1. Nothing charged except the Cβ atoms of Lys and Arg (+1) and of Asp and Glu (-1): what's the magnitude of the dipole of the range 366-493 about its Cα centre? Round to the nearest 20 debye.
2. Of the listed peptides 423-431, 69-77, what is their order by residue-averaged count of other C-beta atoms within 10 Å, with the highest listed first?
3. State which helices in the chain qualify, where a helix is a whole DSSP H run, it must extend 18 Å or more along its own axis by its Cα atoms, and its mean Kyte-Doolittle hydropathy must be at least 0.0.
4. Per 0.36 nm of contour for each residue apart, how much would the distance between Thr431 and Val472 grow if the chain were fully extended, relative to their Cα-Cα spacing?
5. Of Leu249, Leu115, Ser365, which is farthest towards the positive pole of the chain's charge dipole, taken about the Cα centre with +1 and -1 on the beta-carbons of Lys, Arg and Asp, Glu respectively?
6. If you average the sequence gap of Cα pairs under 8 Å that are 6 or more apart and divide by the length of the chain, what percent do you get for the contact order?
7. How many angstrom lie between the Cα centre of the range 105-173 and the Cα centre of the range 455-498?
8. Let me make sure I get this right: for the range 331-446, a, b and c are the square roots of the gyration tensor eigenvalues over alpha carbons, sorted descending. Under 1.5 in a/c it's rounded, otherwise prolate if a/b > b/c, else oblate. Which is it?
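Each reported figure results from applying straightforward, stated rules to the coordinates on display, with no laboratory input. This one's a predicted model, so the numbers in the text were calculated from it and none came from an experiment. Using ideal geometry, Cβ is built from the backbone for each residue, glycine included, and neighbour counts are taken over all protein chains shown.
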Amino acid sequence: MPGTGLWRTKSIEQSISDTDDPETKLRRNLSAWDLTVFGVAVVIGAGIFTLTARTAGDYAGPSTSVAFVFAAIACALAALCYAEFASTVPVAGSAYTFSYATFGEFVAWIIGWDLILELAVGAAAVSKGWSIYLQTVLGYIFGKGTKTTFDIGSVTIDWGALILVVALTTMLAIGTKLSSRFSMVITAIKVLVVLFVIVLGIFYIKGANYTPFIPPGETGGAGQGGVDQSLFSLIAGGASSSFGIFGLLAGASLVFFAFIGFDIVATTAEETKNPQKSVPRGIFGSLAIVTVLYVAVSLVVAGMVSYKDLATSAGDGSHKTLATAFSANGIDWAANIISVGALAGLTTVVMVLMLGQVRIIFAMSRDGLMPRGLAKTSGSGTPKKATFLVGGLIAVAATFFPADKLEEMVNVGTLFAFVLVSAGVLVLRRTHPDLPRAFKVPWVPVIPILAILACLWLMLNLTVLTWLRFIVWMIVGVVIYFAYSRRHSLLGRRQRGELSGVDEKS
């Protein structure tokens, strides 16, 4: 039976029934291949072009490849749980929708609010990175000194990031299928660039660069003490989380950012032709492809240059990228190709992150937890109002605000969502044992419990400052829920007998 108050749950049947409302109906035109492309499109981007080198230089050294394996294992465990939920409840909203059916409205709101943070911060941060690469590419064409920013007084305007967000917002408003086709072309380009990095880089590997594979712990690095070190190293009495075992574990939590993507696949379940089969295939297909590519790239980069040359403090103090390793070996022409590939790669990352956020807001609005007007769909089958709202907010953030230390903010939100989804599988197995499941997690309850523990472990290895920022964001979300969402919830209004059939669609 559905609960009341904070713990009232939205039934699976009601969630599926709501997808047939003609005013908020999404068009089903995506295949398993489309979903795999979306997953690969968002994963191969900021992580592989920038995060790989920085993690090696600041946290894990040559053992960055092991950090990727640790993160991939945690993702694979959570992916099994996502696949069962998404194939059973093929409704937009991903972890938000799943939590509404299992833990109740308040937890669903919290996870939806959390996902908004994850996707908005991620899209804004990657847009800033895209603008930096655009500046590099324009420098090849028009000469050094070409900038994608200009100053008005003390305010810096990033017109490169603005152009990207406006263009992608327009494309998403036109239709998801067009976005998928565009994403497919760009994804093919950046996969070729990644393969180019691996194949060419192999010829410049020096065995000595792999020693020591796990560098001894240091103090004063990127993971220095206090709020900048990982929570686990602080609890365990470590001086910092730069290198050593603490650095390897912190590196795994950081490179987890590179894997987020299969949860975006789950948000498109309602727009998929055969979600029961296509969603699990899209999730596992994208995860398998990117895991192999990430491990290969991290091994190549760590072998091409000493991890010390990839540190943030090395040279001019800027973050190092894949192109850094090639420039250090005198292969500047290859570094130029990588920069162009990164520009293409980051384009699809921003697009899919925006797509995911629009679908989260769409699902929350359809339930009345946000203004219902945001859930209205157009003739193209897309929620244009929600799309333009998301595009506007991300455009402002990417254009006017500096982006720094944002990957960890994305990670803590994503890992929190993974914990709830994994726990939700256990709850749904108990409360709805006879519900048709096109895909089932094997070895229940072992796999979901392992997924929960793996994600909690990665969360512990994020910095103290990240936890403090996350807590503040959650407090703001709680205030909004009690001030607006609880009173406007469609489920709550149904229980109170306040709605007629006409009212529900208004």
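1. With Lys and Arg at +1 and Asp and Glu at -1, about 640 debye.
2. So the order, starting with the most tightly packed, is 69-77, 423-431.
3. Going by DSSP H runs, the hits are 64-88, 105-142, 159-174, 176-202, 275-304, 332-366, 384-400, 407-431, 446-460, 464-480.
4. 11.4 nm
5. The Cα lying farthest towards the positive end belongs to Ser365.
6. The normalised contact order for the chain reaches 33 percent.
7. Between the Cα centre of the range 105-173 and that of the range 455-498, the gap is 25 Å.
8. Judged from the Cα gyration tensor, the range 331-446 comes out oblate (a/c at least 1.5, b/c at or above a/b).
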